[in-house]
Each structure stands twice: as structure tokens, then as C-alpha cells.
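*Asks:* Structure provided below as C-alpha cells; questions to follow.
The values are calculated or read from the model by the stated rules, or taken from the named source; none is laboratory data. In this text the structure is predicted, and so the values were computed from the model without any measurement. Virtual Cβ from ideal backbone geometry, glycine too; neighbours counted across all protein chains shown.
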Amino acid sequence: MSSTRPDLPEDGILRYFSMAFCPFSQRVHLLLAAKNIPHHKIYLTAVEDQPTLVESLIIAEYLDQQYPHPRLFPTDPLQKALDKILIERFAPVVRAVYPVLTCNANAPPDALQKFEKALDVFETELTKRGTPYFAGQTIGIVDYMIWPWFERFPSMKLNTKQRYELDAKRFEKLLKWRDLVAQDEAVQKTALDVQLHAEFQKSKTVGNPQYDIAFKGKL
Ligand SMILES: N[C@@H](CCC(=O)N[C@@H](CS)C(=O)NCC(=O)O)C(=O)O
């Protein structure tokens, strides 16, 4: 189900190049689903021919302007800037958790502490905003841009020795938010099961990444 040289129809429909387990690709997939944008999906393990647009956030902003319904970025320029800053602040979360999430035997011993410290920013911000979603009463761009990692965090319970889970007290608001976002239609359309995430990461660790398990039962 992966191909480096797909046969693509010239029909003017958007082409979404993705690796099935990539959280950055899922960001774009979430927008395509939330906005019901017609598209072709092409699954790759490596991009040989560069697609026109790269970088998940740039693609997300483009899609939001080109397909404004529902609008996901704030229309207020200041709030939009603040939300973009917040999304940038998720990078230290990703950086810290990456070796643990990907079952790297050489993960630094303080990786999870660093991860939790970076994640505190989001717990605090959600508390400060006082709304169910980062975007307010309905889901928005910050929610979608950080979601893919929350879908993957529970795989640490399966793949780490200590069966790691987010602390229910420290991340109380975020865990409530996670349960809420998990019910979103676009999130459900793009979701992969935690077992599959765990299985994929393990297969990568042993040097034999099983990209196609994403399509288990769907072929
Ligand atoms: N900043 C990029 C990050 C994309 C990224 O790092 N993707 C990973 C896969 S999840 C990747 O391509 N890693 C390099 C590789 O697998 O060769 C974005 O937001 O789109």
C-alpha cells in the first residue's frame, strides 16, 4: 500500500502525500477531513518527487484560507499570532518525547521529565483559556495541530517498561480535552488505533518498519 511512484490522475483534485504513521501528515489529514476537501491520498515511505507544498503548518494555513469552512485559524490577527506561537511551543514536547515514543533504547534518562515540563505549558494555557478546546467552545487549529501526538502518547503505556501514562492530576485539563477531541469527527476519520501505533514503533525499532499495518483490514 506504499508506493514511491504512484500513478496519478490529472483531474485537478488535491493530492495528499502522506506516510500513514506520521503525526505531521496527520495534521494535514485532519484539516482535509474537517473541511471535507476532496483529495487523493498517496501513501509513501519517502518522498521522491517533492510535492508542491511542504511543512504541515504552512499547508494547514493554506487549506484554511483556500477552504474557509469551517474556519479553523482565528480571524483576529492577534489571536492568530498567539495561537501560532502556542503551536510552536509544542515543538519542545515533541522533541522531548520522541525517543520514548519511538522506543529508542538510548532515550535520555530525563526525557519524560522534560516532556512533562514542556507539556505543562499546555495544561496551564488550557486552564487560563477556561474553554473546553484551545480554540474556545468549538475545535480549532491549536487542537488539531497538537492532536496527533495525543493519539500516540497512550502507546507509551504499551511500549515502555514503566507503562508510562500521563499523570491524571498534573494533566487533568489536558486529559479531559483529550477525551473530548477524541470524539471529533475529523479526528475519528484520521485515527489509528493505539495498538497499531505501538506495533509500528516497535517494528521501526527493530529496523523493519511496517508501514502497511495502517491498512490492516482495510485492503
Ligand atoms: N516540520 C515538518 C516535519 C515533518 C517530519 O519531521 N516528518 C517526519 C516523519 S513523521 C519525517 O519526515 N522524518 C524524516 C524521515 O522519516 O526520513 C512538518 O511539520 O511537516
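*Asks:* Scan segment 153-191 for residues that are more than 16 Å from Val93 (Cα to Cα) and more than 16 Å from the chain's Cα centre (by Cα) and jot them down.
*Replies:* Once the filter is applied, which keeps residues that are more than 16 Å from Val93 (Cα to Cα) and more than 16 Å from the chain's Cα centre (by Cα), segment 153-191 yields Lys157, Leu158, Asn159, Thr160, Lys161, Gln162, Arg163, Ala168, Lys169, Glu172, Lys173, Lys176.
*Asks:* Those residues that are outside any helix (DSSP H, G or I) and exposed (fewer than 14 other Cβ atoms within 10 Å of the Cβ), I need them from segment 90-124; list them, please.
*Replies:* If the condition is that a residue be outside any helix (DSSP H, G or I) and exposed (fewer than 14 other Cβ atoms within 10 Å of the Cβ), then Ala105, Asn106, Pro108, Pro109, Asp110 are the ones that fit.
*Asks:* Could you list, in sequence order, the residues of segment 18-54 that are within 15 Å of the ligand (Cβ to nearest atom), over 26 Å from Asp7 (Cβ atoms) and in a loop (DSSP other than H, G, I, E, B)?
*Replies:* none
*Asks:* Follow-up question, since we're still on this one. When you look at Glu165, is it in contact with a helix residue (DSSP H, G or I) (Cβ under 7 Å, 6 or more places away or on another chain), modelled with pLDDT of 95 or more and part of a loop (DSSP other than H, G, I, E, B), yes or no?
*Replies:* The answer is yes for Glu165.
*Asks:* Report the residue count in segment 182-219 for those that are assigned to a loop (DSSP other than H, G, I, E, B), of a type in the set (A, V, I, L, M, F, W, C) and modelled with pLDDT under 95.
*Replies:* 2
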